[in-house]
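The values are calculated or read from the model by the stated rules, or taken from the named source; none is laboratory data. Note that the coordinates shown come from a computational prediction; the quantities given were computed from them, not determined experimentally. Quick reminder, even Gly has a Cβ in these numbers, built from the backbone with ideal geometry, and neighbours come from all protein chains shown.
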Amino acid sequence: MARDLSREEDPPSVDDVLDALADADARRIVSALSEPKTASDISEECDIPLSTTYRKLELLTEASLLSESTDIRRDGQHTTRYSISFETVTVSLDEENDEENDREFEIEFTRPDRTRDERLADLWSELREET
């Protein structure tokens, strides 16, 4: 099952995305995620204290830069893994407004295609929410 904020209807604010990317530890975490990893794995690999790692993971997830997935195990010890949820992030200025002072920044994400397992997990999550 996945909690994927990157695919929710409310996109993150420009400030949230830029704040997350401005943080050196957060950028180090994103760089280390060549595959889904647990917070403990990330903490160890990046040499960041675990409590700080959790804060940075929350910052990155809320900014729609990472997604969480939960591995369900028979022994009841579920594991949360984090993965990158974008291919590119583009920051641009709104071109619809002619006045220079009224132009606003916009964020656009290019997302990887969803796997069949991810789509099934989303469907299962929605079903559970309805019951």
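In the set (1) at pLDDT 95 or above; (2) part of a helix (DSSP H, G or I); (3) over 11 Å from the mean Cα position of the chain (by Cα), the condition left unmet by ASP15 is number (1).
Assessment of the stretch 81-99 against the conditions (part of a helix (DSSP H, G or I), modelled with pLDDT of 85 or more and surrounded by 11 or more Cβ atoms within 10 Å (Cβ to Cβ)) yields no matching residue.
Answer yes if at least one residue in the stretch 51-66 is touching a Phe, Trp or Tyr at 6+ places or on another chain (Cβ under 9 Å), surrounded by fewer than 18 Cβ atoms within 10 Å (Cβ to Cβ) and of a type in the set (D, E, K, R), and no otherwise. No. In summary, LYS56 fulfils each of the numbered conditions (1) touching a residue at least 24 places away in the same chain (Cβ under 8 Å); (2) closer than 27 Å to LEU120 by Cβ with the single exception of condition (2). Sub-8 Å Cβ pairs linking a first residue in the stretch 29-52 that is without any contact (Cβ under 8 Å) to a residue 60 or more places away in the chain to a second residue that is outside any helix (DSSP H, G or I) and surrounded by fewer than 16 Cβ atoms within 10 Å (Cβ to Cβ), at least 6 apart or interchain, are THR38/THR79; THR38/THR80; ALA39/THR80; SER43/PRO49, ordered by first then second residue. Looking at the stretch 54-70, can you tell me whether even one residue there is more than 11 Å from the chain's Cα centre (by Cα) and modelled with pLDDT of 90 or more? Yes, because at least one residue in the stretch 54-70 is more than 11 Å from the chain's Cα centre (by Cα) and modelled with pLDDT of 90 or more.
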